[in-house]
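Accompanying notes for the structure given below.
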Amino acid sequence: MGKTGMARFATILIIVLGGCSFQGAIETETVTILRVIDGDTCRLEDGRRVRYLGINAPEEGDPHANEATLANNRLVGGKTVRLEFHRSRQDKYGRLLAYVFVDDTFVNETLLRQGLGPVHTIAAHRR
């Protein structure tokens, strides 16, 4: 599936799932992004890493990885964002798992709509 097809698929899935339902978030936190790592991961000023829920952007070296990283950087780089958490807050690598918002922009959804990664679920780490 090409980038345009991926964006259409993501848009349809978002509509079907009610916009990746972030209503009912268990907890929220306001943080500042220190550095964008890739298209779906950032480092916060306090050193923690955040992995975006619902998207799996290409990894470094994969096609479109630079494009996804640049798009993510334009959206969140150096900005204060709101994280919304569900169920478990971390994955097995210790990264925070969150929906990310800059003001009223739902970053996870924006990246999906731009076709910068397929919809993806992450197994949460159970403590």
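Every number here is computed from the coordinates shown, using simple stated rules; none is lab data. Quick caveat: nothing in here was measured; it's all calculated off a predicted structure. Positions of Cβ are backbone-derived with ideal geometry, glycine not excepted, and every protein chain shown enters the neighbour counts.
Modelled label positions at residue 62 and residue 86, each set 7 Å beyond Cα in the direction of Cβ, lie 2.0 nm from each other.
Take every Cα-Cα distance within the range 19-106, group them into 5 Å bins from 0 onward, and report for each bin the whole-number percent of pairs it holds. The percentages, shortest bin first, are 3, 15, 26, 27, 19, 8, 2, 0.
If r is the Cβ-Cβ distance from residue 34 to residue 103 and R0 is 22 Å, what FRET efficiency results, to the nearest 0.05? It comes to 0.70. Between residue 93 and residue 113, full extension at 0.36 nm per residue minus the direct alpha carbon distance yields a gain of 4.5 nm.
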